[in-house]
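Engineer: Please see the structure below; I have some questions.
None of the figures in this text is laboratory data; all of them are computed from the coordinates on show. Keep in mind that what you see is a predicted model, and the values were worked out from it rather than measured. Every residue, glycine among them, receives a Cβ derived from its backbone with ideal geometry; neighbour counts consider all protein chains shown.
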Amino acid sequence: MPLVIFVDDSETALASTKMVTNSMPIEVKQYTEAQVALAEIKAGMVPDLIITDLNMPVMNGFEFLKALRAVPATQRTPTLMLTTETKPELKQQGKALGLTGWIVKPFNPAQLKQAITRVLRLPA
Amino acid sequence: MMILNSVEELLQHIKEVQLDVIDLSGDSLMKMSGFIEKNGLEVDDDISTALQYQDIITQQLNATIEAIDSMKKSIEIFSHAYKSDEGLANESIEKLKEKLSVTLQDAKDKKSRFSGKTADSSVDDEIEFF
């Protein structure tokens, strides 16, 4: 099964995404700290899709994305930003860093499922 | 100066209440999501969105807690300057006003940034792909 990792400093936000992805044919790993996810990736974990929050302490979503792009295994891994931020300039910044897409919280569960299905090319 | 002490105490109280609300609402959501998972329940879009409000509430309250901390710090600096040299009081109060104004603007900006779709009806459910 494809591996999808969720990174959000809010455990309750992660609980919300878990409820949506429970029924999907994917393996899910959740992290409350981007630097921990990054360390596991550097140690050999290869996710098929990364979904991350933007505003997080220690390492924010953009810093995480930059770091991911510097690791050969995740240089091209599809990455979605899941955030409350809606400013176009932030979206542009994400796009320039190689972000795949932008999801605004609170997310619509059906849309999130569709996005994961689309990116991973899962059977609809 | 007594009035500033009272303001500081009031701010500290508001901060403590907000931290309690964050803990309680987070605990409430984790219990609900645990129940949903344990019983294999499917949540519909409305319930999923409602559950996500907890995260928005937490972010909003944390932003106001940051504003409270900033205000307290500014008041402390002012109080210290006032005690050291009362002649500097007028200058210090102007600085305090400026700092509180910056704090207010920052807090308002965060209110908007951390609201997501709940405060911006122009944002639809469509996920934006680049």
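Engineer: Within region B:83-96, track down each residue that is surrounded by 12 or more Cβ atoms within 10 Å (Cβ to Cβ) and of a type in the set (D, E, K, R).
Structural biologist: Residue satisfying the conditions is B:LYS95 alone.
Engineer: Something else now. Taking region B:107-121, which residues are within 14 Å of chain A (Cβ to nearest Cβ) and of a type outside the set (Gly, Ala, Ser)?
Structural biologist: B:ASP109, B:LYS110, B:LYS111, B:ARG113, B:PHE114, B:LYS117, B:THR118, B:ASP120
Engineer: Which pairs do you get when a residue that is touching a residue at least 40 places away in the same chain (Cβ under 8 Å) and under 15 Å from A:SER10 (Cβ atoms), found in region B:11-27, comes within reach of a residue that is surrounded by fewer than 13 Cβ atoms within 10 Å (Cβ to Cβ) and of a type in the set (Ser, Thr, Tyr), reach meaning Cβ atoms under 6 angstrom, with the pair 6+ apart or on two chains?
Structural biologist: As it stands, the answer is none, since no pair meets every condition given.
Engineer: Take region A:66-90 and flag every residue that is facing another protein chain (nearest Cβ under 7 Å) and not β-branched (Val, Ile, Thr).
Structural biologist: Selection gives A:GLU85 alone.
Rundown of residues vs (1) closer than 27 Å to B:LYS117 by Cα; (2) surrounded by 13 or more Cβ atoms within 10 Å (Cβ to Cβ), yes/no style:
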position	(1), (2)
B:LEU24	yes, no
B:GLY40	no, no
B:GLN54	yes, yes
B:ALA63	yes, yes
B:GLU66	yes, yes
B:SER70	no, yes
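Engineer: Could you tell me which of the residues A:VAL28, A:VAL71, A:VAL46, A:VAL7 is over 14 Å from the mean Cα position of the chain (by Cα) and of a type in the set (Val, Ile, Thr)?
Structural biologist: Matching residue, one of A:VAL28, A:VAL71, A:VAL46, A:VAL7: A:VAL71.
Engineer: Please go through region B:45-54 and pick out each residue that is free of Cβ contacts under 8 Å to residues at least 60 places away in the same chain, within 7 Å of chain A (Cβ to nearest Cβ) and more than 21 Å from B:GLU16 (Cβ to Cβ).
Structural biologist: Listed by number, the residues that qualify are B:ASP45, B:SER48, B:THR49, B:LEU51, B:GLN52.
Engineer: Another one. Go over the candidates A:GLU11, A:GLU27, A:GLU33, A:GLU40 one by one and state the one that is of a type in the set (Asp, Glu) and over 26 Å from B:MET32 (Cα atoms).
Structural biologist: Exactly one residue qualifies, and that residue is A:GLU40.
Engineer: Within region A:51-65, restricting attention to residues that are under 13 Å from A:LYS105 (Cα atoms) and not charged (D, E, K, R), which residue is farthest from the other protein chains (Cβ to nearest Cβ)?
Structural biologist: A:THR52
Engineer: Checking the conditions here, which among B:GLU37, B:GLU9, B:GLU42 is of a type outside the set (A, V, I, L, M, F, W, C) and either in contact with a Leu (Cβ under 8 Å, 6 or more places away or on another chain) or more than 9 Å from every other protein chain (Cβ to nearest Cβ) (or both)?
Structural biologist: B:GLU9
Engineer: Write out, first by first residue and then by second, each pair whose Cβ atoms fall under 6 Å of each other, whose residues are 6+ apart or on separate chains, and whose first residue, in region A:56-81, is within 22 Å of A:ALA115 (Cβ to Cβ) while the second is among the charged types (D, E, K, R).
Structural biologist: Final answer for the pair search is A:MET56/A:ASP9; A:GLY61/A:ASP53; A:GLN75/A:ARG69.
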